[in-house]
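A short worksheet on the structure shown next.
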Amino acid sequence: MTAAPTLVPGLEGIPIAESGFSLVEGAVGRLSYRGYSIEDITGPQNTFEEIIALLHDGELPKQARIDEVVKDLQTKRSLTPEQIELARNAAKITHPMFALQAAVAVLGPMVNDFEPHVDTADERGMNLVAKVGHLVGVIAQAVAGRPYEAPKPTDTHAQMLLRMITGNEPSELDTRVMNALLILQADHSSSNAGTFTARVVTSTKAEPEAVVSSAIGALSGPAHGGANEHSLRLFETIRDPERANAQIERMLNDGYKIPGFGHRVYHVKDPRSKVIQKLADEVIKPGTELADLYSIALTVEDVATARLGDRGLFPNVDLFSGCVFAAIGVPTDFFTTLFAASRTVGWVLNMKEQWESGNRIFRPSQIYKGPAIREYKPLSTR
Ligand SMILES: CC(C)(COP(=O)(O)OP(=O)(O)OC[C@H]1O[C@@H](n2cnc3c(N)ncnc32)[C@H](O)[C@@H]1OP(=O)(O)O)[C@@H](O)C(=O)NCCC(=O)NCCS
(Lines give C-alpha, C1' and ligand atoms only; values in the text may rest on other atoms or scores of the structure.)
Protein backbone atom coordinates (compact mmCIF):
# COMPACT_ATOMS: atom_id res chain seq x y z
CA MET A 1 0.00 0.00 0.00
CA THR A 2 1.33 3.47 -0.86
CA ALA A 3 1.58 5.99 2.00
CA ALA A 4 -1.12 8.67 2.13
CA PRO A 5 0.15 11.96 0.70
CA THR A 6 0.98 14.64 3.24
CA LEU A 7 -0.36 18.14 2.82
CA VAL A 8 2.32 20.87 2.76
CA PRO A 9 0.45 24.15 3.43
CA GLY A 10 1.77 26.94 1.24
CA LEU A 11 3.99 24.35 -0.53
CA GLU A 12 6.70 25.39 1.94
CA GLY A 13 10.11 24.05 0.93
CA ILE A 14 8.86 22.37 -2.25
CA PRO A 15 10.82 23.41 -5.37
CA ILE A 16 8.51 24.41 -8.21
CA ALA A 17 11.11 25.17 -10.89
CA GLU A 18 14.78 25.34 -11.81
CA SER A 19 15.66 28.97 -12.42
CA GLY A 20 18.78 30.96 -13.29
CA PHE A 21 17.78 34.57 -12.64
CA SER A 22 17.81 35.38 -8.95
CA LEU A 23 18.80 33.68 -5.73
CA VAL A 24 17.18 34.36 -2.36
CA GLU A 25 19.36 33.16 0.52
CA GLY A 26 17.09 33.34 3.52
CA ALA A 27 19.53 32.34 6.25
CA VAL A 28 22.16 34.95 5.41
CA GLY A 29 19.75 37.57 4.04
CA ARG A 30 21.15 37.86 0.54
CA LEU A 31 19.46 38.51 -2.80
CA SER A 32 21.46 38.30 -6.00
CA TYR A 33 20.64 38.61 -9.69
CA ARG A 34 22.76 36.40 -11.96
CA GLY A 35 25.29 36.17 -9.14
CA TYR A 36 25.48 39.91 -8.39
CA SER A 37 24.47 40.96 -4.91
CA ILE A 38 21.59 43.47 -4.86
CA GLU A 39 23.64 46.00 -2.85
CA ASP A 40 26.17 46.16 -5.72
CA ILE A 41 23.64 46.83 -8.48
CA THR A 42 21.44 49.51 -6.91
CA GLY A 43 23.97 52.35 -6.79
CA PRO A 44 23.67 55.81 -8.37
CA GLN A 45 25.21 54.50 -11.61
CA ASN A 46 22.76 51.60 -12.05
CA THR A 47 19.61 51.85 -14.13
CA PHE A 48 16.58 49.62 -14.52
CA GLU A 49 17.52 49.11 -18.17
CA GLU A 50 21.01 47.91 -17.24
CA ILE A 51 19.58 45.36 -14.83
CA ILE A 52 16.97 44.18 -17.34
CA ALA A 53 19.89 43.45 -19.69
CA LEU A 54 21.76 41.65 -16.88
CA LEU A 55 18.76 39.50 -15.96
CA HIS A 56 17.99 38.76 -19.59
CA ASP A 57 21.49 38.12 -20.95
CA GLY A 58 23.09 36.69 -17.81
CA GLU A 59 26.10 39.05 -17.95
CA LEU A 60 26.71 42.70 -17.08
CA PRO A 61 25.96 44.70 -20.26
CA LYS A 62 28.20 47.18 -22.04
CA GLN A 63 26.83 50.69 -22.70
CA ALA A 64 25.65 49.80 -26.24
CA ARG A 65 23.45 47.02 -24.89
CA ILE A 66 22.01 49.32 -22.19
CA ASP A 67 21.20 51.89 -24.89
CA GLU A 68 19.50 49.15 -26.88
CA VAL A 69 17.24 48.26 -23.93
CA VAL A 70 16.42 51.95 -23.35
CA LYS A 71 15.41 52.27 -27.02
CA ASP A 72 13.52 49.00 -27.01
CA LEU A 73 11.38 50.06 -24.02
CA GLN A 74 10.73 53.48 -25.56
CA THR A 75 9.54 51.86 -28.80
CA LYS A 76 7.54 49.06 -27.27
CA ARG A 77 5.65 51.14 -24.71
CA SER A 78 3.23 52.59 -27.29
CA LEU A 79 -0.46 52.02 -26.53
CA THR A 80 -3.48 52.37 -28.79
CA PRO A 81 -6.09 55.05 -28.00
CA GLU A 82 -8.51 52.21 -27.09
CA GLN A 83 -6.03 50.70 -24.62
CA ILE A 84 -5.47 54.11 -23.02
CA GLU A 85 -9.19 54.81 -22.81
CA LEU A 86 -9.93 51.44 -21.28
CA ALA A 87 -7.24 51.92 -18.62
CA ARG A 88 -8.52 55.43 -17.81
CA ASN A 89 -12.11 54.17 -17.52
CA ALA A 90 -11.05 51.28 -15.28
CA ALA A 91 -9.22 53.77 -13.06
CA LYS A 92 -12.53 55.52 -12.38
CA ILE A 93 -14.20 52.46 -10.91
CA THR A 94 -11.57 50.41 -9.14
CA HIS A 95 -8.26 50.39 -7.25
CA PRO A 96 -5.24 51.11 -9.51
CA MET A 97 -3.97 47.53 -9.12
CA PHE A 98 -7.24 46.10 -10.44
CA ALA A 99 -7.38 48.71 -13.19
CA LEU A 100 -3.83 47.69 -14.13
CA GLN A 101 -4.74 44.01 -14.11
CA ALA A 102 -7.69 44.67 -16.45
CA ALA A 103 -5.71 46.96 -18.74
CA VAL A 104 -2.91 44.40 -19.05
CA ALA A 105 -5.34 41.56 -19.80
CA VAL A 106 -6.75 43.47 -22.80
CA LEU A 107 -3.27 43.93 -24.27
CA GLY A 108 -3.71 40.30 -25.36
CA PRO A 109 -4.30 39.42 -29.03
CA MET A 110 -7.60 38.56 -30.76
CA VAL A 111 -6.49 34.92 -30.98
CA ASN A 112 -5.70 32.65 -28.06
CA ASP A 113 -2.96 30.38 -29.38
CA PHE A 114 0.50 31.25 -28.09
CA GLU A 115 2.29 27.92 -28.54
CA PRO A 116 3.02 28.28 -32.29
CA HIS A 117 4.47 31.72 -31.50
CA VAL A 118 6.54 30.79 -28.48
CA ASP A 119 9.71 31.94 -30.28
CA THR A 120 8.35 35.49 -29.80
CA ALA A 121 8.36 35.14 -26.00
CA ASP A 122 11.26 37.61 -25.60
CA GLU A 123 9.61 40.18 -27.82
CA ARG A 124 6.22 39.81 -26.17
CA GLY A 125 7.89 39.91 -22.75
CA MET A 126 9.70 43.20 -23.42
CA ASN A 127 6.48 44.59 -24.86
CA LEU A 128 4.83 43.84 -21.55
CA VAL A 129 7.62 45.37 -19.46
CA ALA A 130 7.35 48.55 -21.53
CA LYS A 131 3.56 48.74 -21.64
CA VAL A 132 2.86 47.82 -18.00
CA GLY A 133 4.95 50.81 -16.90
CA HIS A 134 3.20 53.08 -19.37
CA LEU A 135 -0.21 51.83 -18.18
CA VAL A 136 0.71 52.62 -14.55
CA GLY A 137 1.34 56.19 -15.74
CA VAL A 138 -1.92 56.29 -17.70
CA ILE A 139 -3.91 55.13 -14.66
CA ALA A 140 -2.12 57.61 -12.38
CA GLN A 141 -2.97 60.51 -14.68
CA ALA A 142 -6.63 59.44 -14.74
CA VAL A 143 -6.82 59.09 -10.94
CA ALA A 144 -5.25 62.53 -10.54
CA GLY A 145 -7.90 63.96 -12.87
CA ARG A 146 -5.34 64.89 -15.51
CA PRO A 147 -5.77 64.26 -19.26
CA TYR A 148 -3.61 61.62 -20.93
CA GLU A 149 -0.19 63.00 -21.69
CA ALA A 150 2.29 60.72 -23.42
CA PRO A 151 5.78 60.19 -21.97
CA LYS A 152 8.59 62.19 -23.58
CA PRO A 153 10.14 60.09 -26.36
CA THR A 154 13.54 60.37 -24.64
CA ASP A 155 12.29 59.30 -21.19
CA THR A 156 13.85 56.23 -19.66
CA HIS A 157 11.44 53.90 -17.87
CA ALA A 158 12.06 55.55 -14.48
CA GLN A 159 11.64 59.05 -15.91
CA MET A 160 8.43 58.08 -17.69
CA LEU A 161 6.95 56.66 -14.50
CA LEU A 162 7.85 59.71 -12.42
CA ARG A 163 6.66 62.18 -15.05
CA MET A 164 3.32 60.44 -15.58
CA ILE A 165 2.64 59.72 -11.90
CA THR A 166 3.60 63.07 -10.44
CA GLY A 167 2.90 65.35 -13.42
CA ASN A 168 6.29 67.01 -12.82
CA GLU A 169 9.67 67.01 -14.51
CA PRO A 170 11.59 64.16 -12.80
CA SER A 171 14.58 65.31 -10.75
CA GLU A 172 17.91 63.51 -10.92
CA LEU A 173 17.62 62.28 -7.32
CA ASP A 174 14.06 61.00 -7.75
CA THR A 175 15.02 59.24 -10.99
CA ARG A 176 17.92 57.55 -9.27
CA VAL A 177 15.68 56.42 -6.39
CA MET A 178 13.02 55.18 -8.82
CA ASN A 179 15.68 53.21 -10.72
CA ALA A 180 16.88 51.61 -7.49
CA LEU A 181 13.33 50.67 -6.43
CA LEU A 182 12.60 49.19 -9.86
CA ILE A 183 15.81 47.18 -9.77
CA LEU A 184 15.21 45.93 -6.23
CA GLN A 185 11.81 44.46 -7.08
CA ALA A 186 12.54 43.11 -10.58
CA ASP A 187 12.88 39.47 -9.53
CA HIS A 188 12.77 37.40 -6.36
CA SER A 189 13.13 33.73 -7.36
CA SER A 190 10.47 31.80 -9.23
CA SER A 191 8.61 30.61 -6.15
CA ASN A 192 7.14 33.81 -4.71
CA ALA A 193 3.35 33.85 -5.10
CA GLY A 194 3.24 36.23 -8.09
CA THR A 195 5.97 34.54 -10.10
CA PHE A 196 4.66 31.10 -9.23
CA THR A 197 1.28 32.28 -10.54
CA ALA A 198 3.01 33.42 -13.75
CA ARG A 199 4.54 29.94 -14.05
CA VAL A 200 1.23 28.17 -13.43
CA VAL A 201 -0.59 30.27 -16.02
CA THR A 202 2.30 29.82 -18.49
CA SER A 203 1.98 26.07 -18.02
CA THR A 204 -1.53 26.22 -19.45
CA LYS A 205 0.07 27.68 -22.63
CA ALA A 206 -1.79 30.96 -22.06
CA GLU A 207 -0.88 34.19 -23.84
CA PRO A 208 1.85 36.31 -22.13
CA GLU A 209 -0.67 39.06 -21.34
CA ALA A 210 -2.81 36.52 -19.46
CA VAL A 211 0.33 35.40 -17.59
CA VAL A 212 1.20 38.92 -16.45
CA SER A 213 -2.34 40.03 -15.62
CA SER A 214 -2.79 36.91 -13.46
CA ALA A 215 0.49 37.61 -11.68
CA ILE A 216 -0.67 41.20 -11.03
CA GLY A 217 -3.74 39.76 -9.31
CA ALA A 218 -1.53 37.61 -7.09
CA LEU A 219 0.78 40.51 -6.29
CA SER A 220 -2.12 42.74 -5.23
CA GLY A 221 -2.76 40.74 -2.04
CA PRO A 222 -1.70 42.32 1.28
CA ALA A 223 0.27 39.18 2.17
CA HIS A 224 2.35 39.79 -0.97
CA GLY A 225 2.99 43.08 -2.84
CA GLY A 226 0.00 44.87 -1.34
CA ALA A 227 1.86 45.02 1.99
CA ASN A 228 3.73 48.21 0.97
CA GLU A 229 0.46 50.15 0.75
CA HIS A 230 -0.88 48.60 3.95
CA SER A 231 2.25 49.40 5.95
CA LEU A 232 2.15 53.11 5.05
CA ARG A 233 -1.55 53.21 5.92
CA LEU A 234 -0.74 51.65 9.28
CA PHE A 235 1.86 54.36 9.98
CA GLU A 236 -0.71 57.00 8.99
CA THR A 237 -3.21 55.51 11.44
CA ILE A 238 -0.64 55.60 14.24
CA ARG A 239 0.30 59.15 13.13
CA ASP A 240 2.10 60.20 16.32
CA PRO A 241 5.62 58.71 16.68
CA GLU A 242 5.24 58.99 20.48
CA ARG A 243 2.31 56.58 20.41
CA ALA A 244 3.89 54.09 18.04
CA ASN A 245 5.50 51.92 20.69
CA ALA A 246 2.33 51.29 22.69
CA GLN A 247 0.17 50.84 19.57
CA ILE A 248 2.40 48.21 18.01
CA GLU A 249 2.63 46.34 21.32
CA ARG A 250 -1.17 46.34 21.49
CA MET A 251 -1.54 45.19 17.89
CA LEU A 252 0.89 42.34 18.40
CA ASN A 253 -0.95 41.33 21.60
CA ASP A 254 -4.14 41.20 19.52
CA GLY A 255 -2.47 38.87 16.99
CA TYR A 256 -2.36 41.51 14.23
CA LYS A 257 0.07 40.76 11.41
CA ILE A 258 2.24 43.81 10.83
CA PRO A 259 2.42 44.55 7.09
CA GLY A 260 6.01 44.73 5.93
CA PHE A 261 7.15 42.27 8.57
CA GLY A 262 8.01 38.57 8.33
CA HIS A 263 8.94 36.43 5.37
CA ARG A 264 8.66 32.80 4.33
CA VAL A 265 12.30 32.60 3.21
CA TYR A 266 14.22 35.40 4.98
CA HIS A 267 14.77 34.74 8.65
CA VAL A 268 17.01 37.78 9.02
CA LYS A 269 16.32 41.32 7.84
CA ASP A 270 15.35 41.40 4.15
CA PRO A 271 18.40 42.72 2.23
CA ARG A 272 16.11 44.85 0.06
CA SER A 273 14.88 46.75 3.11
CA LYS A 274 18.49 47.65 3.99
CA VAL A 275 19.00 49.17 0.53
CA ILE A 276 15.66 50.97 0.78
CA GLN A 277 16.61 52.46 4.15
CA LYS A 278 19.73 54.01 2.61
CA LEU A 279 17.49 55.58 -0.04
CA ALA A 280 15.11 56.75 2.69
CA ASP A 281 17.97 58.55 4.45
CA GLU A 282 18.72 60.43 1.24
CA VAL A 283 15.24 61.26 0.09
CA ILE A 284 13.09 61.83 3.20
CA LYS A 285 13.45 65.40 4.40
CA PRO A 286 13.76 65.89 8.18
CA GLY A 287 10.90 67.74 9.88
CA THR A 288 8.28 66.65 7.33
CA GLU A 289 5.14 64.58 7.90
CA LEU A 290 6.83 61.81 5.94
CA ALA A 291 9.81 61.92 8.30
CA ASP A 292 7.33 61.24 11.15
CA LEU A 293 5.88 58.27 9.25
CA TYR A 294 9.38 56.95 8.63
CA SER A 295 10.22 57.30 12.30
CA ILE A 296 7.07 55.28 13.07
CA ALA A 297 8.33 52.63 10.62
CA LEU A 298 11.60 52.49 12.57
CA THR A 299 9.68 52.09 15.83
CA VAL A 300 7.65 49.29 14.26
CA GLU A 301 10.92 47.62 13.33
CA ASP A 302 12.30 47.96 16.88
CA VAL A 303 9.16 46.81 18.71
CA ALA A 304 8.29 43.98 16.35
CA THR A 305 11.90 42.75 16.17
CA ALA A 306 12.14 42.72 19.97
CA ARG A 307 8.93 40.69 20.12
CA LEU A 308 9.35 38.42 17.08
CA GLY A 309 13.03 38.44 16.11
CA ASP A 310 13.79 35.27 18.05
CA ARG A 311 11.18 33.52 15.88
CA GLY A 312 13.02 34.60 12.74
CA LEU A 313 10.66 37.46 11.90
CA PHE A 314 12.20 40.72 10.68
CA PRO A 315 11.32 43.64 8.37
CA ASN A 316 10.74 42.73 4.73
CA VAL A 317 10.96 44.93 1.63
CA ASP A 318 7.55 46.47 2.25
CA LEU A 319 8.13 48.01 5.69
CA PHE A 320 10.14 50.94 4.33
CA SER A 321 9.46 50.96 0.56
CA GLY A 322 6.19 52.90 0.95
CA CYS A 323 7.94 55.78 2.73
CA VAL A 324 10.45 56.03 -0.11
CA PHE A 325 7.80 55.81 -2.83
CA ALA A 326 5.88 58.57 -1.03
CA ALA A 327 9.04 60.69 -0.79
CA ILE A 328 9.41 60.70 -4.58
CA GLY A 329 5.77 61.71 -5.05
CA VAL A 330 4.03 58.37 -5.60
CA PRO A 331 0.48 58.22 -4.16
CA THR A 332 -0.10 55.33 -1.73
CA ASP A 333 -2.54 53.52 -4.05
CA PHE A 334 0.23 53.27 -6.64
CA PHE A 335 2.98 51.61 -4.58
CA THR A 336 1.97 48.11 -5.62
CA THR A 337 1.45 49.09 -9.26
CA LEU A 338 5.11 50.13 -9.35
CA PHE A 339 6.07 46.83 -7.78
CA ALA A 340 4.14 45.19 -10.65
CA ALA A 341 5.83 47.38 -13.28
CA SER A 342 9.17 46.25 -11.95
CA ARG A 343 8.32 42.57 -11.33
CA THR A 344 6.97 42.19 -14.89
CA VAL A 345 10.65 41.71 -15.79
CA GLY A 346 10.87 38.63 -13.58
CA TRP A 347 7.46 37.33 -14.63
CA VAL A 348 8.21 37.35 -18.35
CA LEU A 349 11.67 35.86 -17.88
CA ASN A 350 10.16 33.09 -15.78
CA MET A 351 7.50 32.61 -18.46
CA LYS A 352 10.19 32.02 -21.07
CA GLU A 353 12.21 29.77 -18.77
CA GLN A 354 9.07 27.78 -18.01
CA TRP A 355 8.49 27.18 -21.72
CA GLU A 356 12.15 26.21 -22.18
CA SER A 357 11.89 23.72 -19.33
CA GLY A 358 9.31 21.70 -21.28
CA ASN A 359 6.36 23.54 -19.74
CA ARG A 360 4.58 20.62 -18.15
CA ILE A 361 1.23 21.79 -16.86
CA PHE A 362 1.08 22.35 -13.07
CA ARG A 363 -1.38 19.85 -11.70
CA PRO A 364 -0.62 18.97 -8.06
CA SER A 365 -2.95 16.74 -6.06
CA GLN A 366 -5.31 17.27 -3.15
CA ILE A 367 -6.38 15.41 -0.04
CA TYR A 368 -10.11 14.96 -0.40
CA LYS A 369 -12.14 15.61 2.78
CA GLY A 370 -15.68 15.54 1.36
CA PRO A 371 -18.30 12.74 1.57
CA ALA A 372 -17.76 9.32 -0.02
CA ILE A 373 -19.66 8.46 -3.20
CA ARG A 374 -23.42 8.24 -2.54
CA GLU A 375 -26.70 7.79 -4.31
CA TYR A 376 -28.30 10.80 -5.98
CA LYS A 377 -31.83 11.61 -4.71
CA PRO A 378 -34.33 13.17 -7.11
CA LEU A 379 -35.79 16.49 -5.91
CA SER A 380 -39.18 14.92 -5.03
CA THR A 381 -37.61 12.52 -2.48
CA ARG A 382 -35.28 14.96 -0.62
C1 LIG B 1 5.05 37.22 4.61
C2 LIG B 1 4.11 36.23 5.31
C3 LIG B 1 2.86 36.07 4.44
C4 LIG B 1 4.82 34.90 5.43
O5 LIG B 1 3.88 33.96 5.85
P6 LIG B 1 4.26 32.49 6.37
O7 LIG B 1 5.61 32.11 5.97
O8 LIG B 1 3.13 31.61 5.98
O9 LIG B 1 4.29 32.65 7.94
P10 LIG B 1 3.07 32.59 8.92
O11 LIG B 1 2.02 33.56 8.48
O12 LIG B 1 2.65 31.17 9.08
O13 LIG B 1 3.72 33.12 10.22
C14 LIG B 1 4.46 32.31 11.15
C15 LIG B 1 4.23 32.88 12.54
O16 LIG B 1 4.76 34.21 12.59
C17 LIG B 1 3.72 35.16 12.87
N18 LIG B 1 3.89 36.28 11.96
C19 LIG B 1 4.27 36.23 10.66
N20 LIG B 1 4.29 37.46 10.12
C21 LIG B 1 3.91 38.30 11.09
C22 LIG B 1 3.74 39.69 11.13
N23 LIG B 1 3.94 40.43 10.02
N24 LIG B 1 3.33 40.25 12.27
C25 LIG B 1 3.11 39.50 13.37
N26 LIG B 1 3.25 38.16 13.38
C27 LIG B 1 3.66 37.56 12.27
C28 LIG B 1 2.42 34.44 12.52
O29 LIG B 1 1.32 34.95 13.24
C30 LIG B 1 2.74 33.02 12.89
O31 LIG B 1 2.62 32.89 14.29
P32 LIG B 1 2.02 31.56 14.96
O33 LIG B 1 2.99 30.48 14.58
O34 LIG B 1 1.98 31.88 16.41
O35 LIG B 1 0.67 31.36 14.33
C36 LIG B 1 3.72 36.76 6.70
O37 LIG B 1 4.90 36.98 7.44
C38 LIG B 1 2.90 38.02 6.64
O39 LIG B 1 1.67 37.95 6.49
N40 LIG B 1 3.55 39.22 6.76
C41 LIG B 1 2.84 40.47 6.62
C42 LIG B 1 2.54 40.76 5.17
C43 LIG B 1 3.77 41.15 4.39
O44 LIG B 1 4.55 41.96 4.80
N45 LIG B 1 3.92 40.59 3.17
C46 LIG B 1 4.98 40.92 2.26
C47 LIG B 1 5.97 39.83 2.15
S48 LIG B 1 7.37 40.31 1.19
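From the list L319, L290, which residue is surrounded by 21 or more Cβ atoms within 10 Å (Cβ to Cβ) and of a type in the set (A, V, I, L, M, F, W, C)?
Working: L290 fails: surrounded by 21 or more Cβ atoms within 10 Å (Cβ to Cβ).
Testing whether each residue is surrounded by 21 or more Cβ atoms within 10 Å (Cβ to Cβ) and of a type in the set (A, V, I, L, M, F, W, C) leaves just L319.
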Within the stretch 237-256, residues surrounded by 14 or more Cβ atoms within 10 Å (Cβ to Cβ) and either away from the ligand (no atom under 14 Å from the Cβ) or outside any helix (DSSP H, G or I) (or both) come out as I238, R239, P241, A244, N245
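Quick one: is H263 in a helix (DSSP H, G or I), buried (at least 19 other Cβ atoms within 10 Å of the Cβ) and within 13 Å of the ligand (Cβ to nearest atom)? Reasoning before the result, please.
Numbers: in a helix (DSSP H, G or I): no; buried (at least 19 other Cβ atoms within 10 Å of the Cβ): yes; within 13 Å of the ligand (Cβ to nearest atom): yes.
The answer is no for H263.
Of all residues in the stretch 170-206 being in a loop (DSSP other than H, G, I, E, B) and within 23 Å of N316 (Cβ to Cβ), which is most open to solvent (accessible area, probe 1.4 Å)?
S191
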Within the stretch 146-169, can you find the residues that are assigned to a loop (DSSP other than H, G, I, E, B) and not basic (K, R)?
-> P147, Y148, E149, A150, P151, P153, T154, D155, T156, G167, N168, E169
Write out, first by first residue and then by second, each pair whose Cβ atoms fall under 7 Å of each other, whose residues are 6+ apart or on separate chains, and whose first residue, in the stretch 356-374, is basic (K, R) while the second is outside any loop (DSSP other than H, G, I, E, B) and open to solvent by less than 90 Å² (accessible area, probe 1.4 Å).
-> R360/S203
Taking V324 and the conditions (1) more than 16 Å from the ligand (Cβ to nearest atom); (2) β-branched (V, I, T); (3) open to solvent by less than 40 Å² (accessible area, probe 1.4 Å), which numbered condition does it fall short on, given that it satisfies the others?
-> (1)
Determine which single condition G226 fails, assuming it passes every other condition in (1) within 16 Å of the ligand (Cβ to nearest atom); (2) open to solvent by less than 10 Å² (accessible area, probe 1.4 Å); (3) over 15 Å from the mean Cα position of the chain (by Cα); (4) not aliphatic (A, V, I, L, M).
-> (3)
Has the stretch 359-376 got any residue that is farther than 30 Å from A103 by Cα, among the aliphatic types (A, V, I, L, M) and open to solvent by 100 Å² or more (accessible area, probe 1.4 Å)?
-> yes
Pairs where the first residue, in the stretch 66-94, is within 15 Å of A142 (Cβ to Cβ) and the second is open to solvent by 30 Å² or more (accessible area, probe 1.4 Å) and at pLDDT 95 or above, C-beta under 6 Å, 6+ apart = I84/Y148; L86/V106; A90/A102; A91/V143
Determine, yes or no, whether F320 is under 16 Å from the mean Cα position of the chain (by Cα), in the same structural domain as G133 (by TED's automatic domain parsing) and under 27 Å from I276 (Cβ atoms).
-> no
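Scan the stretch 77-94 residue by residue and report those that are charged (D, E, K, R) and buried (at least 17 other Cβ atoms within 10 Å of the Cβ).
Of the residues in the stretch 77-94, the ones charged (D, E, K, R) are 77, 82, 85, 88, 92.
Passing the criteria: R77, R88.
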In the stretch 95-141, which residue that is open to solvent by 10 Å² or more (accessible area, probe 1.4 Å), closer than 25 Å to M178 by Cα and not hydrophobic (A, V, I, L, M, F, W, C) is nearest to the chain's Cα centre (by Cα)?
-> Q101
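Taking the conditions exactly as written (out of contact with any Ser or Thr (no Cβ under 6 Å at 6 or more places or on another chain), assigned by TED's automatic domain parsing to the domain that holds T154 and either away from the ligand (no atom under 16 Å from the Cβ) or not charged (D, E, K, R) (or both)), does F196 satisfy them or not? Spell out the reasoning first.
On the way: out of contact with any Ser or Thr (no Cβ under 6 Å at 6 or more places or on another chain): yes; assigned by TED's automatic domain parsing to the domain that holds T154: yes; either away from the ligand (no atom under 16 Å from the Cβ) or not charged (D, E, K, R) (or both): yes.
Considered against the rule, which asks whether it is out of contact with any Ser or Thr (no Cβ under 6 Å at 6 or more places or on another chain), assigned by TED's automatic domain parsing to the domain that holds T154 and either away from the ligand (no atom under 16 Å from the Cβ) or not charged (D, E, K, R) (or both), F196 comes out as yes.
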Single unsatisfied condition, A306 versus (1) within 16 Å of the ligand (Cβ to nearest atom); (2) within 27 Å of D40 (Cα to Cα) | (2)
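The values are calculated or read from the model by the stated rules, or taken from the named source; none is laboratory data. Predicted model only: the values in this text are computed from it and were never measured. Here the Cβ is made from the backbone with ideal geometry for all residues, glycine too, and neighbour counts use every protein chain on show. SASA here: full protein model, heavy atoms, side chains in, ligands and nucleic acids out. Shrake-Rupley method; radii C 1.70, N 1.55, O 1.52, S 1.80 Å.
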